[in-house]
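We did not get these values from a lab; they are worked out from the coordinates using the rules stated. In this text the structure is predicted, and so the values were computed from the model without any measurement. Note: ideal-geometry Cβ built from the backbone for every residue, glycine included; neighbour counts use all protein chains shown.
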Amino acid sequence: MNSAPMPSLADSRHGKRRPRALSPTIVSMSVRPQRNSPNQKTRPICHYDESLIHLRQQSATCPDAPSYGSRFTGKERDSESGNDYFGARYYASSMGRFMSPDWSAKQEPVPYAKLDNPQSLNLYAYVLNNPLDKTDPDGHDFWDKVLNKIQGKGWVDTPRPQLASAPKAPGPVGIVNYHGHTVTNPTVKQKLTEISIQHASSTVNVSSGDRDFVPTGGSKTSAHLDGNAADFHVQGFTDSQVDANLKSSDSPVKTGFNVIQHGPDTATEGAHVHIDTENHGGASAPTSFKHEGMSPETTGHYSVDPQ
């Protein structure tokens, strides 16, 4: 039985036949038995309209389709996604819509909406869902260009507003508990914070800072008297572990400091780690590491650790 003929697309106003409206997809496919084949397999027979080569849609179904640089309305097609690049955004010909909504420089609930045309409410639509009469040259709303032209700005799109950059993620935080002690030297205070960060933001507990007196067993030339020192522990770590970490490659006190580990038999006020800025070699000199009071035999005796 013969199929019914396609209806005529005559223009009733002029009495002339107008060309058939063209679809973005130009590959048609029919399945026919392949003759002279022992298994009588079927294969697709692909047809191409050479007058519409700029609309070519190639797929695995029709691998012999001719290759051309441009696709739908002359736009370049991305080989990975299959979408057409319109400049402002990508168009998916398989769905007949853009992949992202249109936008306007001025924030509006629905940019370019025309209340007398419901199609304008769809920001993903291609030319108000009327591709027979209109094309979209660059992926932007047609009325945006009209408005700019009226305002003397030319037939151009409104520049897209720059989005505020996302705030940077906060870095690690150092925690120092001074327990009422004062540490005047800003460099020492900064290093206490960095020591906390080095130890996974564990709390640095300060046991002594500025002093205006010499405690029992203390030095009369102590950096504490000048406000340049602090004694501390790091919560969750032994003093020996802290001492070893301050000698490591990621130490925040590689140069310009004196670090002393006072052991349980120290002549001063109990075991602790001491730090001060009074390195005789200056700020660029390697940090000096010492021990004192690690045993009864070393009480009051300072031994310099090998560098």
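Worth pointing out:
- Proximal charge balance of ILE275 [Cβ under 9 Å; K/R count +1, D/E count -1]: -1
- Fraction of antiparallel bridges per DSSP, region 175-307 only, in percent to nearest 5: 70
- 13 Å beta-carbon shell around GLN198, net charge (K/R +1, D/E -1): 0
- Entries of LYS75/LYS153; LYS168/LYS191; LYS189/LYS220; LYS247/LYS290 with Cα pairs more than 18 Å apart: LYS75/LYS153; LYS168/LYS191; LYS189/LYS220
- Close amide H partners of GLU278, meaning residues 5 or more places away or on another chain with modelled amide H under 5 Å apart, are ASN258.
- Region 256-303: C-alpha pair distances exceeding 18 Å, %: 31
- 23 Å tail of the calculated P(r), region 195-307, as % of Cα pairs: 24
- Long-range HN-HN contacts of PHE237 with modeled amide H, under 5 Å: none
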